[in-house]
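The values are calculated or read from the model by the stated rules, or taken from the named source; none is laboratory data. These numbers were taken from a predicted model, which means no experiment stands behind them. Please note: Cβ atoms are built from the backbone with ideal geometry, for glycine as well, and neighbour counts cover all protein chains shown. With ligands, DNA and RNA removed, areas are computed over all heavy atoms of the protein, side chains included. Shrake-Rupley method; radii C 1.70, N 1.55, O 1.52, S 1.80 Å.
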Amino acid sequence: MLKESCPGSREIRNPYPEEIECIFCGTKNEIWSDEPETVCSSCGKTISRDLKSSCIQWCAFAKECVGAEKYERLIKAIKE
Ligand SMILES: [Zn+2]
């Protein structure tokens, strides 16, 4: 049987672009599904968003699942 990755980490392992509206000037910016924040292309301010609560927070294998670098970045972003 093939071992599938869990659905919670799929969007982090296979990031896709999403739209986020700048809270300062209303410009629509592109943000990747694994990015907790981006810089507005219009006003240059940092726009952050709430990351969906994720299995990354509690899964014992999260680090192996998404990779150590991404794991550290996401955990930091979720905690802030
Ligand atoms: Zn802006």
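Here Cys59 passes the criteria (1) open to solvent by 60 Å² or more (accessible area, probe 1.4 Å); (2) out of contact with any Cys (no Cβ under 6 Å at 6 or more places or on another chain) except the one numbered (1). Going through (1) away from the ligand (no atom under 16 Å from the Cβ); (2) among the hydroxyl-bearing types (Ser, Thr, Tyr); (3) at pLDDT 90 or above one by one, Ser9 falls short only on (3). Of all residues in segment 23-50 being at pLDDT 95 or above and touching a Phe, Trp or Tyr at 6+ places or on another chain (Cβ under 6 Å), which is nearest to the ligand (Cβ to nearest atom)? By that ranking, first place goes to Cys43. Filter segment 17-56 down to the residues that are open to solvent by less than 70 Å² (accessible area, probe 1.4 Å), of a type outside the set (S, T, N, Q), in a loop (DSSP other than H, G, I, E, B) and within 17 Å of Pro7 (Cα to Cα) and list them by number. The answer is Asp34, Leu51.
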